[in-house]
Amino acid sequence: CEDKCTNQMFSQKNYAKVEVRRAGAKGFGLFALDTIRGGQFVIEYIGEVLDEDAYARRKEYYLMTGQRHYYFMNVGNGEVIDACRKGNISRFINHSCDPNCETQKWLVKGELAIGLF
């Protein structure tokens, strides 16, 4: 589909301009450097895809080793993305009770991709 593919923002990593900064008591957060329009692609949530059993083992391992911060995202279908070891800076997007982004599932080169918009 070449130029007409709408998923090129993923494959070409056309991310919004963001940076990681301290976010008070919560540790670090991801902050926009430019205005981000509603519905605009911000970044792909990247990490290791785990099935439910691997997720349970990984979570237990992190607890046993004293890992304080977790970067798990449940994507459904029994799969969880762990962005701790193999993730990108998207893992620093913090939870909000008043969210201004949403996750969307896309198919990119035959693989599931999670985008934050």
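The values are calculated or read from the model by the stated rules, or taken from the named source; none is laboratory data. Since the model is a prediction, treat every value here as computed from it, not as a measurement. Using ideal geometry, Cβ is built from the backbone for each residue, glycine included, and neighbour counts are taken over all protein chains shown. We work out accessible area using only protein heavy atoms, side chains counted, and drop any ligands, DNA or RNA first. Shrake-Rupley method; radii C 1.70, N 1.55, O 1.52, S 1.80 Å.
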- Query: exposed (fewer than 11 other Cβ atoms within 10 Å of the Cβ) and in contact with an Asp or Glu (Cβ under 9 Å, 6 or more places away or on another chain): does that describe Arg68?
  - Reply: no
Going through the stretch 32-48 in order, the residues found to be surrounded by 13 or more Cβ atoms within 10 Å (Cβ to Cβ) and either more than 23 Å from Val20 (Cβ to Cβ) or among the hydroxyl-bearing types (Ser, Thr, Tyr) (or both) are Tyr45
The condition of being surrounded by fewer than 16 Cβ atoms within 10 Å (Cβ to Cβ) and within 22 Å of Gln8 (Cα to Cα) holds, among Lys86, Lys26, only for Lys86
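Quick one: count up the residues across the stretch 89-99 that are in contact (Cβ under 8 Å) with a residue 24 or more places away in the chain and either more than 17 Å from Phe10 (Cα to Cα) or open to solvent by 80 Å² or more (accessible area, probe 1.4 Å) (or both).
Looking only at the stretch 89-99, we keep the residues that are in contact (Cβ under 8 Å) with a residue 24 or more places away in the chain, and these are 89-94.
Next, from what is left, pick out any that are either more than 17 Å from Phe10 (Cα to Cα) or open to solvent by 80 Å² or more (accessible area, probe 1.4 Å) (or both): 92-94.
Final tally of qualifying residues: 3.
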message: Can you say whether Lys105 is among the basic types (Lys, Arg) and over 14 Å from the mean Cα position of the chain (by Cα), as far as the supplied structure shows?
response: no
- Message: Against the condition open to solvent by 90 Å² or more (accessible area, probe 1.4 Å) and either in contact with an Asp or Glu (Cβ under 7 Å, 6 or more places away or on another chain) or at pLDDT below 95 (or both), how does Ala113 come out, does it pass?
- Response: no
Of (1) within 19 Å of Gly110 (Cα to Cα); (2) in contact with a helix residue (DSSP H, G or I) (Cβ under 9 Å, 6 or more places away or on another chain), Asp51 fails just (2)
In contact with a Leu (Cβ under 6 Å, 6 or more places away or on another chain) and open to solvent by 80 Å² or more (accessible area, probe 1.4 Å) - does that describe any residue in the stretch 6-13? no
